1. If each of Thr199 and Met120 carries a label point 7 Å out from its Cα toward its Cβ, how far apart are those two points in nm?
2. Provide the per-residue ³J(HN,Hα) series for segment 133-141, in order, calculated from phi with Karplus coefficients 6.51, -1.76, 1.60 and θ = phi - 60°, each as a whole number of Hz, with x at glycine and proline positions.
3. Just to confirm a number: summing +1 for Lys and Arg and -1 for Asp and Glu over residues other than Glu87 whose beta-carbon lies under 15 angstrom from that of Glu87, what do you get?
4. All other residues with a Cβ under 13 Å from the Cβ of Phe152 taken together, and with Lys, Arg as +1 and Asp, Glu as -1, what is their net charge?
5. Compute the signed sum of charges (Lys and Arg +1, Asp and Glu -1) over the other residues within less than 11 Å, Cβ to Cβ, of Pro182.
6. Mean separation of Cα pairs under 8 Å and 6+ residues apart, divided by the residue count of the chain: what relative contact order is that in percent?
7. Per residue, what accessible area does the chain have, given a 1.4 Å probe and all protein chains present, in Å²?
8. Treat every Asp and Glu Cβ in segment 98-229 as -1 and every Lys and Arg Cβ as +1, leave all other atoms uncharged, and give the resulting dipole magnitude about the Cα centre to the nearest 20 debye.
Amino acid sequence: MISRCAMAALLLSSSANLVSAQAFSGAEISAEVLTFTDDVDLGEKEYRGAVQFGLAAGFGAAADLSYHNSDGLGLGGRNLTFHGFYEGLDLATVGLFYGRDSIDDGDAELLGLEAATTLMGGDLQGALASYDGDVGSGSLLSVDARYAFGGFAATGFAGAMSGDVDGSRIALGAEYQIGAGPTLYGEVGRRSVDDDGQTYLSLGARLAIGPNAGTTFESRSIFEILPGY
């Protein structure tokens, strides 16, 4: 608990430096709706906003906030994630993150490592973390990829978590950017919780701005692995 609190304090302190940062890197907002194919009433809406700044000597910091609403379950969930990272390496951007999920049944904290790189013309990023809170404790791992060609891009995601909550998600999708405007995207995937699997379809739109055309890292959340949970 002490190490978790110390790491969270470090990331929060880094994010506080955003106020005085000189280099705005990017920001994005997005909205998404998700529906399970075997129960169209059990859907989820997600709204997310994120901002990123470059600090001194290749370091950077970002913060993102997302809201999840499950129509069928009547649940409302929120996630707040702080990222602190280093961009000075040739091979990858590496960082630490602290995330907090808040749902009707309680809270969960996430603490972990993340990295992003370019491989064979595509963008690849992954995260490894532990979670702890009212939902239990355990670990999670996620990897997502994006390969662009023109205004289109193919996307993929794979993630799993173990411990008091066991689940996984795998998905394939595509996106299209309308000129210099928003990006429209869709995804088909499979979510499993305790060996109970459901296929889902999601559609959304994202608007990214700034020198980096958005933020480097995604939100880190149990909802990322188990949408609609």
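1. Inter-label distance under the simple model: 2.7 nm.
2. Once θ is set to phi - 60°, the couplings for segment 133-141 become x, 5, 7, x, 9, x, 9, 9, 9 Hz.
3. Values: positive: none; negative: Asp90, Glu114, Asp123.
Net charge around Glu87: -3.
4. Working: positive: Arg146; negative: Glu175.
Residues close to Phe152 contribute a combined charge of 0.
5. Details: positive: Arg206; negative: Glu28, Glu175.
Here the count lands on -1.
6. Details: 617 pairs, mean separation 43.3, N = 229.
In percent, rounded to a whole number, it is 19.
7. Heavy-atom accessible area per residue stands at 49 Å².
8. Values: 7 positive and 19 negative charges, 160 e Å.
In total the dipole reaches around 780 debye.
The values are calculated or read from the model by the stated rules, or taken from the named source; none is laboratory data. What you are looking at is a predicted structure, and each value in this text was computed from that prediction instead of being measured. Here Cβ is always computed from backbone atoms with ideal geometry, including for glycine, and neighbour counts include all displayed protein chains. Quick note on the areas: whole protein, heavy atoms, side chains included, nothing else; ligands and nucleic acids left out. Shrake-Rupley method; radii C 1.70, N 1.55, O 1.52, S 1.80 Å.
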